[in-house]
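Asker: If you scroll down you'll find the structure; I have some questions about it.
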Amino acid sequence: MLIVDDDIDFSESLGRLLALENYSVLRADSMASAKKIVQQHPVAVALVDIRLGSGNDGLDVVRELRRINPDLMCLMITAFVSVETAVQALQAGAYDYLSKPFHSEDMLSTLDRCVERIQLLDAQKLNDVRLRQKQQMEALGQLASGIAHDFNNILAVLLSNLRLLEERIGTAQPAVTELVTEAIGATHTGSELTSRLLNFGSRPEDEDQVVDLAAMLPDFAMMLRRTLGKEWSVRLDLPDQLYMLVFSRGLLETSLLNLALNARDAMATGGTITIKARNHHVGPVSATEQTRPIIGEFVAISVIDTGTGMSDHVRTRAFDPLFTTKKRGDGNGLGLTMVDNFVRTHGGWMEIDSTLGQGTTMTLLLPGRFQIGPDGANI
């Protein structure tokens, strides 16, 4: 709450009353000081005296504050109540007005209405954002499906030739056979990726399987070391016990590979990528999205790099479809969107911790099912 009044005694008294109701209160005595506060603090409601002795009319203050923050709820405080005053206050952008002297119950009731109004506006904005995201995802889904269909045909030819090559080599050349087997495995992963593109935004329940991260991640790290090159090392950080996951292993590996390749790109001259997994309990207070309470047992899988990091602007837009900081040809801005979509459709979410020049930690939080002990027994 911001109180704009040049009567210091009244301002302090009103501030103490609001503080007793658990409102965080800031005070200003002029347009200049009020503007500075609104520019530097997340003010939700401003109570503005209609007549300021600093040479500024309260109506002008309201107009200026709402120019800075159009969502700011303003209440006029006036000792001169008239229809004309009320009309002027509303025309200036005020939500309501209070007439001096006023009872604390009347003021608190008016503030409650302001808070309800703010919550409704926030909910409407969130719905608008989700609607735009849904429309964007549907458009991307149509585009991705067309690409996936053509790519699937190419993979079918590739897989057919690899199978034929595997038959002809047989067991005569074990080293070559191993390479062909890996290529076939990569083709199957590519096929799963195209299936994911064909079902962009949906959850393919029939592909789910029990995934033991303690067994999967070491194999994944070995594949990653061969893929990335000698300039980049891969380190695993796993606890003795981890919850099991029930997902498509191929989609999970594809998501982690996407994050690992992004981590590599952020360390152009080489570095270390750490893959870390931990059990993670989420209670109602620590849920990251208050509009969608998430409670329960999760596994946090982090891909950590020591690269260039992200600015605040890039971090807030990282999951936006088609947003990329890479030059043309190196990225299409769909990778993180697809990873985020995979995690959300399976009941989880993603978090980013990044600082410019200090690296990035991308974390997938996925619902855990049950634990595996050191001896392989369920806990």
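Asker: Return the total of residues in the range 108-118 being closer than 21 Å to G58 by Cα and either charged (D, E, K, R) or touching a strand residue (DSSP E or B) at 6+ places or on another chain (Cβ under 6 Å) (or both).
Answerer: Within the range 108-118, residues that are closer than 21 Å to G58 by Cα and either charged (D, E, K, R) or touching a strand residue (DSSP E or B) at 6+ places or on another chain (Cβ under 6 Å) (or both) number 2.
Asker: Between residues in the range 109-129 that are touching a residue at least 12 places away in the same chain (Cβ under 8 Å) and residues that are surrounded by 12 or more Cβ atoms within 10 Å (Cβ to Cβ) and outside any helix (DSSP H, G or I), which pairs lie under 6 Å by C-beta distance while being six or more apart or on different chains?
Answerer: T110/D96; C114/V45; C114/M73; I118/A44
Asker: Can you go through D57, D71, D7, D29 and tell me which one is among the charged types (D, E, K, R) and either open to solvent by less than 20 Å² (accessible area, probe 1.4 Å) or in contact with a Ser or Thr (Cβ under 8 Å, 6 or more places away or on another chain) (or both)? Spell out the reasoning first.
Answerer: On the way: D57 fails: either open to solvent by less than 20 Å² (accessible area, probe 1.4 Å) or in contact with a Ser or Thr (Cβ under 8 Å, 6 or more places away or on another chain) (or both); D71 fails: either open to solvent by less than 20 Å² (accessible area, probe 1.4 Å) or in contact with a Ser or Thr (Cβ under 8 Å, 6 or more places away or on another chain) (or both); D7 fails: either open to solvent by less than 20 Å² (accessible area, probe 1.4 Å) or in contact with a Ser or Thr (Cβ under 8 Å, 6 or more places away or on another chain) (or both).
Within the list D57, D71, D7, D29, the selection yields D29.
Asker: Another one. Within the range 220-266, restricting attention to residues that are part of a loop (DSSP other than H, G, I, E, B) and farther than 20 Å from L366 by Cα, which residue is farthest from the chain's Cα centre (by Cα)?
Answerer: Our first condition is that a residue be part of a loop (DSSP other than H, G, I, E, B); within the range 220-266, this holds for 229-231, 238-241, 244, 248, 266.
Among the residues that remain, those that are also farther than 20 Å from L366 by Cα are: 229-231, 266.
Numbers: G229: 30, K230: 32, E231: 31, A266: 20 Å.
Among those that are part of a loop (DSSP other than H, G, I, E, B) and farther than 20 Å from L366 by Cα, it is K230.
Asker: Within the group V282, V234, which residue is of a type in the set (A, V, I, L, M), at pLDDT 90 or above and either crowded, with 17+ Cβ neighbours inside 10 Å or under 30 Å from D122 (Cα atoms) (or both)? Steps first, answer last, please.
Answerer: Details: V282 fails: at pLDDT 90 or above.
The conditions single out V234.
Asker: Any residue that is of a type in the set (A, V, I, L, M), assigned to a helix (DSSP H, G or I), farther than 22 Å from R225 by Cα and modelled with pLDDT of 80 or more - is there at least one of those in the range 349-359? Let's see the steps before the verdict.
Answerer: From the range 349-359, those of a type in the set (A, V, I, L, M) are 350, 352, 356; that's our starting set.
Subsequent filtering for residues that are assigned to a helix (DSSP H, G or I) retains none.
No.
Asker: Additional query: Tally time: how many residues in the range 334-348 are touching a residue at least 24 places away in the same chain (Cβ under 8 Å) and part of a helix (DSSP H, G or I)?
Answerer: 9
Asker: A follow-up question, please. How many residues are open to solvent by less than 70 Å² (accessible area, probe 1.4 Å) and either modelled with pLDDT of 80 or more or in contact with a Leu (Cβ under 8 Å, 6 or more places away or on another chain) (or both) when one looks only at the range 115-151?
Answerer: Matching residues across the range 115-151 total 7.
Asker: Oh, and also: Exactly one condition in (1) in contact with a strand residue (DSSP E or B) (Cβ under 9 Å, 6 or more places away or on another chain); (2) modelled with pLDDT of 75 or more is not met by I294; state its number.
Answerer: (2) is the only condition that I294 fails.
Asker: To continue, here is another question. Does any residue of the range 51-74 turn out to be out of contact with any helix residue (DSSP H, G or I) (no Cβ under 9 Å at 6 or more places or on another chain), touching a residue at least 12 places away in the same chain (Cβ under 8 Å) and more than 28 Å from V87 (Cβ to Cβ)?
Answerer: Scanning the range 51-74, I find no residue that is out of contact with any helix residue (DSSP H, G or I) (no Cβ under 9 Å at 6 or more places or on another chain), touching a residue at least 12 places away in the same chain (Cβ under 8 Å) and more than 28 Å from V87 (Cβ to Cβ), so the answer is no.
The values are calculated or read from the model by the stated rules, or taken from the named source; none is laboratory data. Since this is a predicted model, take the numbers as computed values, not measurements. Glycine gets a Cβ as well: all are built from the backbone with ideal geometry, and neighbour counts include every protein chain shown. Heavy atoms of the whole protein, side chains included, go into the accessibility calculation; ligands, DNA and RNA do not. Shrake-Rupley method; radii C 1.70, N 1.55, O 1.52, S 1.80 Å.
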